[in-house]
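Everything on this sheet refers to the single structure shown next.
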Amino acid sequence: MMRKHATWVAAAASALGAAAVLAAAAGCATTDWRTPDGHIRTGKIDFQHEATTGRTYHLYIPTNYNPKRRYPLVVTAQGTFPFDEAAHQRDRWVDVAEKYGLIICSADFDAATGWLSVPADRPAPELVRDDKATVAIIREVRSRYNINPDGIMITGWSGGGFPAHFIGLHHPEIFRCIVGRAANFSERLVTDDVALRARHMHVYVFFGESDVPGFAGMNREANFWYTMRGFRNFVIQTQPGGHDPNQVEAARYFLNIVNHWPAVRIDASTLEGPAPLTVTLRALVRDLDSPDGRVDSVLWNLGDNKISPEPEVTHVYEKPGLYNVFLMVKDLDGHQEFKQTWIKVD
């Protein structure tokens, strides 16, 4: 049965490719992101081609875009063809983007298919290509628009869950959160080492009460996988309905984090050196709900069985090793945000 489906999808994809060629010949050209007089264009920005990888992507820029204001960025992966494609995925977000002031980026993800083969011993080549292209696209988008660095989400609907989870987990330095919307998942997507370095992230998966068979099981598998690997801010929910992409729910979750959870960074005097190594660590916190910077509590796990409740701590690492420093910040509303770094002592 799977082989028949795969053959049908391949044939459909081939037909889409032919249609795309005809459409291109008919004038589906790149939309200039600036108007002829030099102003930033808003609304739908179609068929962008990232300069280094050549990957195609589509944008939506809110019509009231102000370059002096920072905007949250949603990177969204489409579902399996023929049920979805990159431009249609972007278009699903237009009303939400206008209402809440979001910039939407939908790339043409190679790995966004429910029939993706996920090898046990190496990353799927489609995922590796998508990873490289996505990082380059975000770099290009950030060079053109004023993006909130603490407000970047990667999300995927259905087959788009594969690249969303894979890319998000590989780049916790870029993404604040990962959201799977009735999305595919596999426990073989990333190694435990990759998961360890991302366990401070926010991850949210949801699926419909009457979803397509298999998706409830995959999302419960995601629940087990993320929980067992120590993700403190992991959430799973069942939503009314079926296989719904539900951009509204994803935006609600994302904006709650951006607007109400503290954004935390670690400032370290050094990350590497010979033993004994003295390191000063500072918790840098930005919280829109607490403009004066107050938080309820700070707790450092310094990686060598030592803890500290101080916002700034100086610690001596006596022995060689690789130390995982894990920081928890609790704000005045009870939100717990996490950050981590590594200290290498030679």
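The values are calculated or read from the model by the stated rules, or taken from the named source; none is laboratory data. No experiment lies behind these values; they were computed from the predicted model shown. Don't worry about glycine lacking a Cβ; one is built from the backbone with ideal geometry, like all the others, and counts go over all protein chains shown.
Structural remarks
- Breaking point among (1) modelled with pLDDT of 95 or more; (2) over 18 Å from Ile154 (Cβ atoms); (3) among the aromatic types (Phe, Trp, Tyr), for Trp93: (2)
- Residue under evaluation Ser210, criteria (1) exposed (fewer than 15 other Cβ atoms within 10 Å of the Cβ); (2) assigned to a strand (DSSP E or B), criterion not met: (2)
- Pick from the stretch 178-207, criterion in a loop (DSSP other than H, G, I, E, B) and not aliphatic (A, V, I, L, M), ranking: surrounded by the most Cβ atoms within 10 Å (Cβ to Cβ): Asn184
- One residue stands out among those in the stretch 301-346 that are polar (S, T, N, Q) and within 25 Å of the chain's Cα centre (by Cα): the one that is nearest to Val235 (Cα to Cα), which is Gln336.
- Pairs are defined by a Cβ separation below 7 Å, a sequence spacing of at least 6 or placement on different chains, a first member in the stretch 295-316 that is under 16 Å from Gln336 (Cα atoms), and a second member that is in a loop (DSSP other than H, G, I, E, B) and hydrophobic (A, V, I, L, M, F, W, C); the pairs so defined are Val295/Leu332; Asp296/Leu332.
- Subset of the stretch 295-346 [hydrophobic (A, V, I, L, M, F, W, C), touching a Phe, Trp or Tyr at 6+ places or on another chain (Cβ under 9 Å) and farther than 26 Å from Asp150 by Cβ]: Leu322, Val345
- Residue check for Ile147: surrounded by 17 or more Cβ atoms within 10 Å (Cβ to Cβ) and within 25 Å of Thr35 (Cβ to Cβ): yes
- The selection criterion, being at pLDDT 95 or above, in the same structural domain as Arg122 (by TED's automatic domain parsing), closer than 29 Å to Val285 by Cβ and surrounded by 15 or more Cβ atoms within 10 Å (Cβ to Cβ), does not hold for Phe166.
- Tally, over the stretch 311-344, of residues that are part of a loop (DSSP other than H, G, I, E, B) and buried (at least 18 other Cβ atoms within 10 Å of the Cβ): 2
- Within the stretch 301-310, tally of residues that are on the phi < 0 side of the Ramachandran plot and buried (at least 16 other Cβ atoms within 10 Å of the Cβ): 4
- Residue in the stretch 32-41 that is over 26 Å from Arg176 (Cβ atoms) and either assigned to a strand (DSSP E or B) or aromatic (Phe, Trp, Tyr) (or both) present: yes
- Residue within the stretch 279-300 that is surrounded by fewer than 17 Cβ atoms within 10 Å (Cβ to Cβ), modelled with pLDDT under 95, polar (S, T, N, Q) and under 30 Å from the mean Cα position of the chain (by Cα) present: yes
- Of all residues in the stretch 68-80, those that are outside any loop (DSSP other than H, G, I, E, B), surrounded by 24 or more Cβ atoms within 10 Å (Cβ to Cβ) and not small (Gly, Ala, Ser) total 4.
- In the set (1) under 27 Å from His200 (Cα atoms); (2) touching a helix residue (DSSP H, G or I) at 6+ places or on another chain (Cβ under 6 Å); (3) polar (S, T, N, Q); (4) surrounded by fewer than 19 Cβ atoms within 10 Å (Cβ to Cβ), Thr134 fails one condition alone, (4).
- When the stretch 47-65 is filtered for residues that are in a loop (DSSP other than H, G, I, E, B), touching a residue at least 12 places away in the same chain (Cβ under 8 Å) and over 18 Å from Ile154 (Cβ atoms), the ones remaining, listed by number, are Ala51, Thr52, Pro62, Thr63, Asn64, Tyr65.
- Among the residues of the stretch 56-67, those identified as surrounded by fewer than 20 Cβ atoms within 10 Å (Cβ to Cβ) and either among the β-branched types (Val, Ile, Thr) or touching a helix residue (DSSP H, G or I) at 6+ places or on another chain (Cβ under 9 Å) (or both) are Thr56, Pro62, Thr63, Asn64.
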